[in-house]
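K.L.:
Questions regarding the structure given below will be posed in turn.
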Amino acid sequence: MTGDQTLLKTLETGIRDIPDYPSPGILFKDITPLLADPALFAKAVDALAAAHRPGSGAEVDVVAGVEARGFIFGAGVALALGVGFVPIRKKGKLPYATVSAEYTLEYGTAVIEVHEDAVRPGQRVLLLDDVLATGGTAEAAAGLLEQVGAEVVALSFLVELGFLGGRDRLAGRQVNSLLHY
């Protein structure tokens, strides 16, 4: 087993399956055990930051995280990279002037926002969230960042639920996921 495979197997120990949550037939991937283990959480943050470290050729100026669990990983990755953090929040949660995007969920629509001055034009941004499912949230968040002038270098996720096709929805973008289900 390679070092990368060992790391992924280690990270998987922090993911708990919850059957029939939030509704019957859904197998929920619960990341709270990973977050509760400081060594495991640190490994996840380090692995998410690795591709964007100085000298990687994929350096970023800012990390953006999508509410709510994207904040947890995004803030940690921003600190690890020595760059700022930009929150992307649900409508009505940011105090300054915002731009917004509406997107489709499995059972309806939602709206996310970012401050209109969250990034400077041309800044290179890593967009981070905990799970890539259908890709709607990630697509909307990347579009918002580009609307305010950012260059979205990559989208990174702790977990990807491949059977939901989110990567296809993000075609043409650099998508990185640590764990694949």
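The values are calculated or read from the model by the stated rules, or taken from the named source; none is laboratory data. Since we're looking at a predicted model, the values are computed, not measured. Counting neighbours? That spans all protein chains shown, and the Cβs are built from the backbone with ideal geometry, glycine included. Areas reflect the complete protein model, heavy atoms only, side chains present, ligands, DNA and RNA absent. Shrake-Rupley method; radii C 1.70, N 1.55, O 1.52, S 1.80 Å.
K.L.:
When the Kirkwood radius is taken over all Cα pairs of the stretch 102-165, what Stokes-Einstein diffusion coefficient follows at 25 °C and 0.890 mPa s, in µm²/s?
P.N.:
Translational diffusion coefficient: 197 µm²/s.
K.L.:
What ratio of Cα Rg to 2.2 N^0.38 Å holds for the stretch 60-181?
P.N.:
So the Cα radius of gyration is 0.96 times the expected 2.2 N^0.38 Å.
K.L.:
Would you mind telling me the share, in percent, of accessible area of the chain contributed by carbon and sulfur at probe 1.4 angstrom?
P.N.:
Exposed carbon and sulfur together represent 54 percent of the surface.
K.L.:
Same structure, new question: For A80, what charge total do you get from the other residues with a beta carbon under 10 Å from its beta carbon, if Lys and Arg give +1 and Asp and Glu give -1?
P.N.:
Once positives and negatives cancel, what remains is 0.
K.L.:
Quick one: if the Förster radius is 22 Å, what FRET efficiency do K93 and I18 give, using the C-beta to C-beta distance and rounding to 0.05?
P.N.:
With a Förster radius of 22 Å, E is 0.25.
K.L.:
In terms of modelled amide H atoms, which long-range or inter-chain residues lie less than 5 Å from the amide H of L179?
P.N.:
The list, which skips near neighbours in sequence, is V159, E160.
K.L.:
Compute the signed sum of charges (Lys and Arg +1, Asp and Glu -1) over the other residues within less than 13 Å, Cβ to Cβ, of T104.
P.N.:
Surrounding charge for T104 is -2.
K.L.:
In deg cm²/dmol, rounded to 500, what helix-only [θ] at 222 nm does the chain give when every DSSP H run of at least 4 residues adds -39500 (n - 2.57) and the total is split over its residues?
P.N.:
Result for the chain: -9000 deg cm²/dmol, rounded to the nearest 500.
K.L.:
Once the piece of chain linking E146 and A110 is laid out straight, how much longer is it, given 0.36 nm per residue of separation minus the C-alpha distance between them?
P.N.:
In short, 11.1 nm is gained.
K.L.:
Let me ask something else about it. Spelling out what I want: for every residue of the stretch 13-22, take phi, set θ = phi - 60°, compute 6.51 cos²θ - 1.76 cosθ + 1.60 (Karplus), and round to whole Hz; glycine and proline get x.
P.N.:
Values per residue, Gly and Pro as x: 5, x, 10, 10, 8, 10, x, 6, 10, x Hz.
K.L.:
Where in the stretch 84-181 are there trypsin sites (Lys or Arg not before Pro) that are in a DSSP coil and have at most 16 other Cβ atoms within 10 angstrom of their Cβ?
P.N.:
Answer by residue number: K91, K93, R173.
K.L.:
Modelling each spin label as a point 7 Å along the Cα-to-Cβ direction, I'd like the T6/S56 distance in nm, to one decimal.
P.N.:
Here the modelled spin labels are 2.1 nm apart.
K.L.:
Could you list which residues have their amide H under 5 Å from that of R124, counting only those 5 or more apart in sequence or on another chain, with H placed in the peptide plane?
P.N.:
D61, V62, E151
K.L.:
Still on this structure, please answer the following. Specify the inter-centroid distance of the stretch 96-147 and the stretch 1-80, based on alpha-carbon positions, in whole Å.
P.N.:
19 Å
K.L.:
Follow-up question, since we're still on this one. Given 0.36 nm per residue, what is the gain on full extension from R169 to A36 after removing their alpha carbon distance, in nm?
P.N.:
Contour length minus Cα-Cα distance gives 44.7 nm.
K.L.:
Count the net charge of all other residues whose Cβ sits under 11 Å from the Cβ of I26, scoring Lys and Arg as +1 and Asp and Glu as -1.
P.N.:
So the surrounding residues net to -2.
K.L.:
Something else: Below 8 Å between Cα atoms, with a sequence gap of 6+, how large is the relative contact order for the stretch 84-170 in percent?
P.N.:
Relative contact order comes out at 29 percent.
K.L.:
At 10 °C and a viscosity of 1.306 mPa s, what translational diffusion coefficient does Stokes-Einstein give for the stretch 1-90, taking Rh as the Kirkwood radius over Cα pairs? Give it in µm²/s as a whole number.
P.N.:
For the chosen part, D equals 110 µm²/s.
K.L.:
Now a separate question. What residues qualify as long-range amide H neighbours of G84, i.e. H under 5 Å apart, gap of 5 or more or another chain, H built at 1.01 Å from N?
P.N.:
For G84, the qualifying residues are V63.
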